[in-house]
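Novice: Here it is, the structure, as structure tokens.
The values are calculated or read from the model by the stated rules, or taken from the named source; none is laboratory data. Please read all numbers here as calculations on a predicted model, not as lab measurements. Positions of Cβ are backbone-derived with ideal geometry, glycine not excepted, and every protein chain shown enters the neighbour counts.
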Amino acid sequence: MLRVSIARLTPKIPKIAVPAHMALVLCLPTPALCQRAPPPALPATFANGVTTRADIPYRTIDGETLTLDLYLPSMRKGPHPAVVFVHGGGFVSGHSRMMGAATNFPEHLAALAARGFVVASIQYRLAPKAYFPAQVRDAKAAIAWLRDHAADYNVAPSRVAIWGSSAGGTIAATVGTTCGVEMFEPEGAARTKGKTCVQAVADWFGPITMDSPLITAAYLGCATHPDCDTRRHVASPASYVRHEMPPFLVLHGDSDELVPIDQSRQFAKLLKTAQVDTTLTIVAGAKHGLKAVDPAQQRSIIDDAMATLETFLGRTIGSPATVTR
């Protein structure tokens, strides 16, 4: 079991610039990490009465306005549990309406909303403009925004989960393991105890150890700098695992060619050793992004993964009928 001192892990982290062209080159050998297709438009309504609010600003930082999309259930009964989704893209690209192999991902988010969850899918700062821990701070700022607007969207502020895929899985896992850790709180935000914490975490095939040269350069911005070892340690969500943490769903394809499945296995083992409620789901036949060679198998994989997520969320943050403000 990895044991660390949180206090020891919160020094100021020096910023080491990586040239813009290097961050772009990172995507070339790993297209599944860096989604470049244009995002789909977001319809105002979906089946089962789900409505959306597109591109809502939730934070302005470093001259950039960050936005999120909301998917709202039709049912008036509530308040509703909420889920914040964090997209992948190798920390250098991606979009809130895209996830790995899922075609028309907003439909999957709307289907989750139709089951009674308010879904917020967020944009966050990307490299090379911003490096760790900016992305984690942005995700926490979105969680705080959602709680600030709970009454506007019929959200139960005591029942908020975070879910991410690939790079977003790393961000989600870090949010889940760092409740109350000062260095990850959003810059310039008022400190309110518990406001940026979550009650459940779903990490889909997110890198846990920061030993890949591509991730080290793209996420940490240090490449071969002497401070890289410290940054790798501080950036790993495994460094903060302790008993007092929310339930985790760790999901990974057994044929993932980009993020070793052993990272998720070891992370789940570490969580369980700390007596954290942990569900490890290995998806047979799934490559990175839950991609499969056969289109029918791929659709089945995505559908099953979403069903696993829904079951986990129902068990941990509850259905609208079981939550209170």
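Novice: Restricting the stretch 281-296 to residues that are part of a helix (DSSP H, G or I) and either of a type in the set (S, T, N, Q) or modelled with pLDDT under 95 (or both), which is surrounded by the most Cβ atoms within 10 Å (Cβ to Cβ)?
Specialist: Pro295
Novice: Take Ala139 and tell me if it is farther than 16 Å from Ala305 by Cβ, within 16 Å of the chain's Cα centre (by Cα) and in a helix (DSSP H, G or I).
Specialist: Considered against the rule, which asks whether it is farther than 16 Å from Ala305 by Cβ, within 16 Å of the chain's Cα centre (by Cα) and in a helix (DSSP H, G or I), Ala139 comes out as yes.
Novice: Now for a separate question. Take the residues in the stretch 94-136 that are modelled with pLDDT under 95 and of a type in the set (S, T, N, Q), then tell me which one is nearest to Thr60 (Cα to Cα).
Specialist: Selected residue: Asn104.
Novice: Confirm whether Ala130 is surrounded by fewer than 24 Cβ atoms within 10 Å (Cβ to Cβ) and of a type in the set (A, V, I, L, M).
Specialist: Yes.
Novice: Here is a further query. Condition (residue is under 26 Å from Pro186 (Cα atoms), touching a Cys at 6+ places or on another chain (Cβ under 9 Å) and crowded, with 16+ Cβ neighbours inside 10 Å) applied to the stretch 94-105: is it met by at least one residue?
Specialist: Yes, that holds for at least one residue.
Novice: Of Val198, Val250, Val259, which residue is of a type in the set (Val, Ile, Thr), assigned to a loop (DSSP other than H, G, I, E, B) and over 21 Å from Tyr131 (Cβ atoms)?
Specialist: The conditions single out Val198.
Novice: While we're here: Against the definition (closer than 20 Å to Phe91 by Cβ, touching a strand residue (DSSP E or B) at 6+ places or on another chain (Cβ under 7 Å) and part of a loop (DSSP other than H, G, I, E, B)), how does Gly176 come out, yes or no?
Specialist: no
Novice: Going through Ser319, Ser255 one at a time, which residue ends up being surrounded by fewer than 20 Cβ atoms within 10 Å (Cβ to Cβ), more than 19 Å from the chain's Cα centre (by Cα) and modelled with pLDDT of 95 or more?
Specialist: Answer to the selection: Ser255.
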